[in-house]
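Peer 1: Okay, handing you the structure first.
Since every read-out is calculated from the coordinates, none of them should be taken as a lab result. Keep in mind that what you see is a predicted model, and the values were worked out from it rather than measured. Methodologically, a virtual Cβ is constructed for each residue, glycine included, from the backbone with ideal geometry; neighbour enumeration extends over all protein chains shown.
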Amino acid sequence: MKLYDSFRSALQSLVVNKLRSALTMLGVIIGVAAVIAMVSVGNGASQSVQNTILNLGSNLVTVSPSFGNDNGLKGAGAQAQNLTLDDMRSIQDQLGASIAAAEAEQQAGRWQITAVGQNTNTSVTGVTEDYPIVRDWGLDSGAFFSTSDLNVNAQVAVLGATTATNLFGDVDPVGQTIQLRQAFGGGGQGGAAQRARILNFRVVGVLGVKGSTFGFIRDDQILVPLTTAEHVLTGRLNQVSQIVIKATSSDTMDVTTSDVSNILLQRHNIADPASADFTVTNQNDTLAALSSVTGTFTLLLGAIGGISLLVGGIGIMNIMLVSVNERTREIGIRKAVGARRGDILNQFLIEAIALTGLGGVIGILLGWAITLVVHQIPQAASIPLLITSGTVIIAVGVSVAIGVVFGLYPAMRAARLHPIQALRYE
């Protein structure tokens, strides 16, 4: 019997028993759909985390003050305040063209902001002139402040997109004046009355829309020159919250991390790196750690869907064994007229593969439909649901492989039937 004849005979058998074939495929359909949907959710979560990290800027090496020791317990003490603007400038000078840019930041807290009769409360951060380069953050209007603004402690500000809208609506705020207000002093019963600091800043630019990162709305903030934050807003002179260096590429981040660490160890007169009063983190390491977590999550979801496929495979074997018993006389007749053992084996194996293959294709469509429905849920709308070609190929491949594995035993059992015994079977 030719392979084409075996294939046609197998399909005819499936068509004759439409309802049974459909119910048998249902287990495979659900299994493949579950794998597609769950893995797409896992891939989407992984991509979402990576996008969130890269939204802070690409190829970043971050230096933060480390925590001191408390009664011999490392990292339990207060955070050191030993990173300075001079440290950042030294890194810029010594590394030169080997890095793309570097910037330093100081958090100035939250301030009440008023302008043209509107007011809002937002965070203010002092930064240096290369902040847009390091953070991959362009401006919608105006310009960022310059090195000369830092040198003279200029009271200029760059607004986030949300802050600009809250204060000025659709009007371009560049050139406008805003007031930063912060209450201080007493205020309790019998105490001194509260007083407010009122500082005027001129708006020089508006940042482009960036969205939120780990729950922090980055578009709702104000950036001012770092020296202005130190001398006018906080009084914390020559102290920065963090230094961020942008490497030239992802491949040079490890070298940049090592160079930055060596420069700061030398500047802080620290011989033992284990006693460093700062921490240098590499964005590649952060991405790798998070990718490992999300990868494990995706694998777990895929394994749950794989259990459904396994159950579907058992259903295939069960039905194929029933089919062999029902068609024992047919098998005997085929053998009596010259069908070989391989022909019978091929016929039943093709039936099993056809069931799982067709079920796999329908399962892909169902899985894709499920991801579309899930994406309509508001809580999941922000997570990209990624159905990759690899996931589809693996799902269909596994379903066909299940047809081979679970259909092989019934096919071999049919092929081994003796024609005389098969013809006498009632």
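Peer 1: Taking the mean number of other Cβ atoms within 10 Å as a proxy for protection, how do you rank 158-170, 227-239, 30-42 from highest to lowest?
Peer 2: The densest-packed peptide leads the list: 30-42, 158-170, 227-239.
Peer 1: Here's something else I'd like to know. Express the C-alpha Rg of segment 102-247 as a ratio against the empirical globular expectation 2.2 N^0.38 Å, rounded to two decimals.
Peer 2: Relative to the 2.2 N^0.38 Å estimate, segment 102-247 comes out at 1.05.
Peer 1: Classify segment 120-170: rounded, prolate or oblate, from the alpha-carbon gyration tensor (a ≥ b ≥ c, eigenvalue square roots; a/c under 1.5 rounded; otherwise prolate if a/b is larger than b/c)?
Peer 2: prolate
Peer 1: Where does the chain land at 222 nm, in deg cm²/dmol rounded to the nearest 500, when only DSSP H runs of n ≥ 4 count, each adding -39500 (n - 2.57), divided by all residues?
Peer 2: After summing the helix terms and dividing by residue count, I get -17000 deg cm²/dmol.
Peer 1: Around GLY208, which amide H atoms from residues at least 5 apart in sequence, or from another chain, sit under 5 Å from its own amide H, with H modelled in the peptide plane?
Peer 2: GLY138, LEU139, ASP140
Peer 1: Each label point is 7 Å from the Cα along the Cα-to-Cβ direction; what then is the distance between the points at ALA143 and ILE198, in nm?
Peer 2: Calculated label separation equals 3.1 nm.
Peer 1: Still on this structure, please answer the following. Considering only the other residues whose Cβ falls under 10 Å of the Cβ of LEU56, what net charge follows from Lys and Arg at +1 and Asp and Glu at -1?
Peer 2: +2
Peer 1: Moving on. State to the nearest 20 debye the size of the charge dipole of segment 153-312 about its Cα centre, where the only charges are +1 on K and R beta carbons and -1 on D and E beta carbons.
Peer 2: Using Cβ point charges on Lys, Arg, Asp and Glu, segment 153-312 gives about 660 debye.
Peer 1: Sum up the charges of everything whose Cβ sits under 12 Å from the Cβ of ILE263, counting Lys and Arg as +1 and Asp and Glu as -1, but leave ILE263 out.
Peer 2: Result for the neighbourhood of ILE263: -2.
Peer 1: In nm, what is the difference between 0.36 nm times the number of residues separating ILE394 and ILE377 and their Cα-Cα distance?
Peer 2: Answer, rounded to one decimal: 3.4 nm.
Peer 1: Along the Cα→Cβ direction, 7 angstrom out, place labels at LEU19 and LEU287. What is the inter-label distance in nm?
Peer 2: 5.6
Peer 1: Another question about this same structure. Which residue, ALA154, VAL127, PHE168, has the largest displacement toward the positive end of the dipole of the chain when charges sit on each Cβ (Lys, Arg +1; Asp, Glu -1)?
Peer 2: After comparing all options, I get PHE168.
Peer 1: Follow-up. List, in order, the whole-Hz ³J(HN,Hα) value for each residue of segment 42-55 obtained from phi through the Karplus relation with A = 6.51, B = -1.76, C = 1.60 and θ = phi - 60°; use x for Gly and Pro.
Peer 2: Listing the rounded values in order: x, 5, x, 5, 4, 5, 5, 5, 4, 4, 5, 5, 5, 5 Hz.
Peer 1: Once amide H atoms are built 1.01 Å from N in the peptide plane, which residues 5 or more positions from THR279, or in another chain, come under 5 Å H to H?
Peer 2: Distant-sequence amide H within range of THR279: SER64, SER66.
Peer 1: Continuing with the same structure: Which order do the peptides 339-347, 367-375 come out in when sorted by mean C-beta neighbours inside 10 angstrom, highest first?
Peer 2: 339-347, 367-375
Peer 1: Classify segment 267-411: rounded, prolate or oblate, from the alpha-carbon gyration tensor (a ≥ b ≥ c, eigenvalue square roots; a/c under 1.5 rounded; otherwise prolate if a/b is larger than b/c)?
Peer 2: prolate
Peer 1: In what order do ASP86, ASP219 fall by count of nearby beta-carbon atoms within 10 Å, going from fewest to most?
Peer 2: ASP86, ASP219
Peer 1: How much of the calculated P(r) for segment 212-302 lies past 15 Å, in percent of all Cα pairs?
Peer 2: Roughly 75 percent, rounded to a whole number.
Peer 1: So for each of 98-105, 43-50, 279-286 I average, over its residues, the number of other beta carbons within 10 Å; can you give me the resulting order with the highest mean first?
Peer 2: 98-105, 43-50, 279-286
Peer 1: For the pair ARG181/ASN269, report the inter-label distance in nm, with labels modelled 7 Å from Cα in the Cβ direction.
Peer 2: That separation, rounded to one decimal, is 4.7 nm.
Peer 1: To check my understanding: the extent here is largest minus smallest coordinate of the Cα atoms along each principal axis. What are those three numbers for the chain, in Å, largest first?
Peer 2: Sorted from largest, the Cα extents of the chain read 108, 55, 47 Å.
Peer 1: Treating only the Cβ atoms of Lys and Arg (+1) and Asp and Glu (-1) as charged, compute the dipole magnitude of the chain about its Cα centre; round to the nearest 20 debye.
Peer 2: Rounded to the nearest 20 debye, it is 2440 debye.
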